[in-house]
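Only the coordinates and a few stated rules stand behind these numbers; no lab work does. As the structure is a prediction and not an experimental result, all values here were calculated from the model. Positions of Cβ are backbone-derived with ideal geometry, glycine not excepted, and every protein chain shown enters the neighbour counts.
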Amino acid sequence: MDSIDTRFIQYFNDLPAEPMLSLRGGNARDEYREVPEYDPVTDKLSPDYLEAYCWGLPHLDAVSWRYYLPFLLGYAIQNISNPRSNMVETLLSSLRPPDRDPPRFGSLTASEQDAVVTVLDSLAFSDDSVWKDAAMLPCCHAAMLPCCHAAMLPCWHWRNSGHQVLYTNK
C-alpha cells in the first residue's frame, strides 16, 4: 500500500492546514524527547509514517487529532484485515471512552461523528475484519453514540435508527 484512502475527508469541514502537533512530535513526547516542529516534508502522510509514529496519537491535542482523523479512518478501512497495524489499534484506543477534556470525539460535527461510527461499524461487523473486538467498545459505548442509552444497545441500533451509513465494506 503506497497511499492512504482519503474518502472520509469530505465529511470533515474546516480542517487546519497543518496539525499543531504532528504524530512525529507526539511520538517524541511519548519517548520523552524534544518535540520537533511540524515539517510538511518530514511529516508527509503515508502508511509508513502512520505506522512509524502511531504512538504519538495519544499525545495529540483535539485539533491535531481531528486533523489526522479522516486519514486514519481511511487507513483503518485499508487495514481491516491486517492484525499487525499498530496505527489501527492506536486509533481504536483513541476512540474509547471516556472522552478527554477538552473532548476529541465530542468536538466533532454530526457528519464527522457519522464517518467515525461508519468506520467503527465496518471494523466491528465486517466478515473480513480482524478488529471486531477492539472496535466494539468505542462503537457501542453509550457516551459515544447519542442513540444509545445506559443499557448500551449494540451498534446495529445506530445503523437502524436512521443514521446515514457513509461506507460499507461490502
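Summarise the long-distance tail of P(r) for the stretch 1-134 by giving the % of C-alpha pairs beyond 22 Å. Of all Cα-Cα distances in the stretch 1-134, 32 percent exceed 22 Å. Sorting the segments 80-91, 18-29 by their mean number of nearby beta carbons within 10 angstrom, highest to lowest, gives 18-29, 80-91.
Taking a point 7 Å from the Cα of Asp2 along the Cα-to-Cβ direction, the residues of the stretch 40-62 with backbone N closer than 17 Å to it are 45-49. In plain terms, the chain from Val35 to Asn13 could stretch by 5.2 nm, reckoned as 0.36 nm per residue minus the Cα-Cα distance.
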